[in-house]
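Report on the following structure.
The values are calculated or read from the model by the stated rules, or taken from the named source; none is laboratory data. Because the structure is predicted, anything quoted here is derived from the model rather than measured. Here the Cβ positions follow ideal geometry from the backbone for every residue, glycine too, while neighbour counts run over all protein chains shown. We work out accessible area using only protein heavy atoms, side chains counted, and drop any ligands, DNA or RNA first. Shrake-Rupley method; radii C 1.70, N 1.55, O 1.52, S 1.80 Å.
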Amino acid sequence: MKMDMLNIVNFAINGVEKFLSENPDLTFYAFAFDCNVEDAEINLCLNTEEAFSETLAFYQSGKYAEQYQTEERMQDLKYNTGDWKYQCFDTFYVLNEEELTAIFNEIYPNEVEDDYRS
């Protein structure tokens, strides 16, 4: 199965341009592709310093506050797209449902439960 890289590049360019035009007053420190292999999707993500500061403050005052005090843990949080305010603002599906099902059935011919038991 051949992936059309041009479609992915155009998706990213168009998605980011649209998002930035809808949010002209925001300044972002990071952009990332968040890829979900199981669903064959590529998600676009952005974050601002302000949103990161709010997330960090939340984590530093919560149940696991002690885990978010070192520079290393703060950097991990800063670049973890799962904690970004603008995560998955646009999604590209690399495979359609039929293609995804065909690949899944090839990998797991006896369904997932049976294949994990062997």
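The table below lists the values:
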read-out	value
Residue ranges of strands (runs of 3 or more DSSP E) in the stretch 1-108 with at least 2 members among the polar types (S, T, N, Q) and in contact (Cβ under 8 Å) with a residue 12 or more places away in the chain	41-48, 86-93
Test: residue in the stretch 16-30 that is open to solvent by 70 Å² or more (accessible area, probe 1.4 Å), within 27 Å of Leu100 (Cα to Cα) and at pLDDT 95 or above	no
Odd one out for Asn36, checked against (1) under 19 Å from Tyr93 (Cα atoms); (2) polar (S, T, N, Q); (3) modelled with pLDDT of 95 or more	(3)
Lone unmet requirement of (1) more than 30 Å from Glu111 (Cβ to Cβ); (2) among the β-branched types (Val, Ile, Thr); (3) exposed (fewer than 14 other Cβ atoms within 10 Å of the Cβ) for Val37	(1)
Filter result for the condition that a residue is at negative phi, at pLDDT below 95 and of a type in the set (Phe, Trp, Tyr), over Tyr79, Tyr59, Tyr108	Tyr108
